[in-house]
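Structure first, then comments.
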Amino acid sequence: MASYLAVVVAANYTAAHCPPLQLAGLAVPLGAVATGLTLTLRDLLTETVTTATMLLALAAAAVLSAEVASPTVAAASALAFLVSEAIDAWVYARLRHRSRIAAAAASNGIGLLVDTALFLPLAFGNWALTPGHLLGKTLSGALSVGLLACLLRVWSRRRR
């Protein structure tokens with residue numbers, strides 16, 4: 001839970017205070033990179049905590065984010081995370097019985113699209129950073145799902 005809170009707060013801090021990376025000719029905000037990781041962390045938390053606990057974590061992240069980011073970024077983030085993570089959780093729950101990795105990949109993909117569609121216009125009033133946001137979230141989401149796949153394989157081997 002602590003890692004989830006830390007990554008959400010880091011995403012909002014960097015969105016408000018750090019210049020974007022330049023990658024493949026795109027401005028990729030560090031907050032977007034962190035956000036891709038939060039979606040995978042949320043999927044992992046689904047396995048161990050209740051929905052009520054997840055909502056409390058999201059509320060705590062919003063309060064902490066308000067301390068480190070501008071009020072506009074913190075409010076946009078809270079709304080975007082609430083909606084995107086609810087959709088992410090729904091997709092993950094529907095697919096996890098088939099494959100946790102496929103469920104995490106699919107739910108991350110949908111979650112990052114929804115998060116970007118809500119966050120950018122609310123936080124910055126435009127869509128200018130959309131390509132960089134999508135790239136950053138996709139790369140970090142893919143890396144975190146890949147890491148999750150590796151960890152699940154190791155964990156399942158140790159259980160045998």
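Among (1) closer than 21 Å to residue 16 by Cα; (2) in a helix (DSSP H, G or I), there is one condition residue 153 misses while meeting the rest; what is its number?
For residue 153, the exception is condition (1).
Return yes or no: is residue 98 part of a loop (DSSP other than H, G, I, E, B), farther than 20 Å from residue 7 by Cβ and not acidic (Asp, Glu)?
In short, yes.
Helices (runs of 4 or more DSSP H) wholly in segment 1-94 with at least 2 residues that are under 12 Å from the mean Cα position of the chain (by Cα) and not aliphatic (A, V, I, L, M) - which ones?
2-17, 30-46
Say whether the condition of being free of Cβ contacts under 8 Å to residues at least 60 places away in the same chain and crowded, with 23+ Cβ neighbours inside 10 Å is met by at least one residue in segment 53-63.
Checked segment 53-63: at least one residue is free of Cβ contacts under 8 Å to residues at least 60 places away in the same chain and crowded, with 23+ Cβ neighbours inside 10 Å.
If you go through segment 1-39, how many residues are touching a strand residue (DSSP E or B) at 6+ places or on another chain (Cβ under 9 Å) and under 12 Å from residue 77 (Cα atoms)?
Within segment 1-39, residues that are touching a strand residue (DSSP E or B) at 6+ places or on another chain (Cβ under 9 Å) and under 12 Å from residue 77 (Cα atoms) number 0.
Can you tell me which residues in segment 92-110 are modelled with pLDDT of 90 or more, buried (at least 19 other Cβ atoms within 10 Å of the Cβ) and either closer than 12 Å to residue 46 by Cβ or acidic (Asp, Glu) (or both)?
Within segment 92-110, 92, 103, 104, 107 meet the criteria.
What pairs come out if I take residues in segment 86-103 that are over 18 Å from residue 152 (Cβ atoms) and of a type in the set (A, V, I, L, M, F, W, C) and pair them with residues that are surrounded by fewer than 14 Cβ atoms within 10 Å (Cβ to Cβ) and at pLDDT below 90 whose C-beta lies under 9 Å away, six or more apart or interchain?
Final answer for the pair search is 89/51.
Can you confirm whether segment 137-147 contains a residue that is in contact with a strand residue (DSSP E or B) (Cβ under 7 Å, 6 or more places away or on another chain), closer than 17 Å to residue 38 by Cα, of a type outside the set (D, E, K, R) and at pLDDT 90 or above?
The answer is no, given that none of the residues of segment 137-147 is in contact with a strand residue (DSSP E or B) (Cβ under 7 Å, 6 or more places away or on another chain), closer than 17 Å to residue 38 by Cα, of a type outside the set (D, E, K, R) and at pLDDT 90 or above.
Quick one: what pairs do we get from segment 107-131, first residue part of a loop (DSSP other than H, G, I, E, B), second at pLDDT below 95 and surrounded by fewer than 18 Cβ atoms within 10 Å (Cβ to Cβ), C-beta under 8 Å, 6+ apart or different chains?
Close Cβ pairs (under 8 Å, with a partner that is at pLDDT below 95 and surrounded by fewer than 18 Cβ atoms within 10 Å (Cβ to Cβ)) amount to 129/27.
Which one of these does residue 118 not meet: (1) within 12 Å of residue 39 (Cα to Cα); (2) at pLDDT 95 or above; (3) not acidic (Asp, Glu)?
(1)
The values are calculated or read from the model by the stated rules, or taken from the named source; none is laboratory data. Just so we're clear, the structure is a prediction, and the values are computed from it rather than from any experiment. Backbone-built Cβ (ideal geometry, glycine too); neighbour counts: all protein chains shown.
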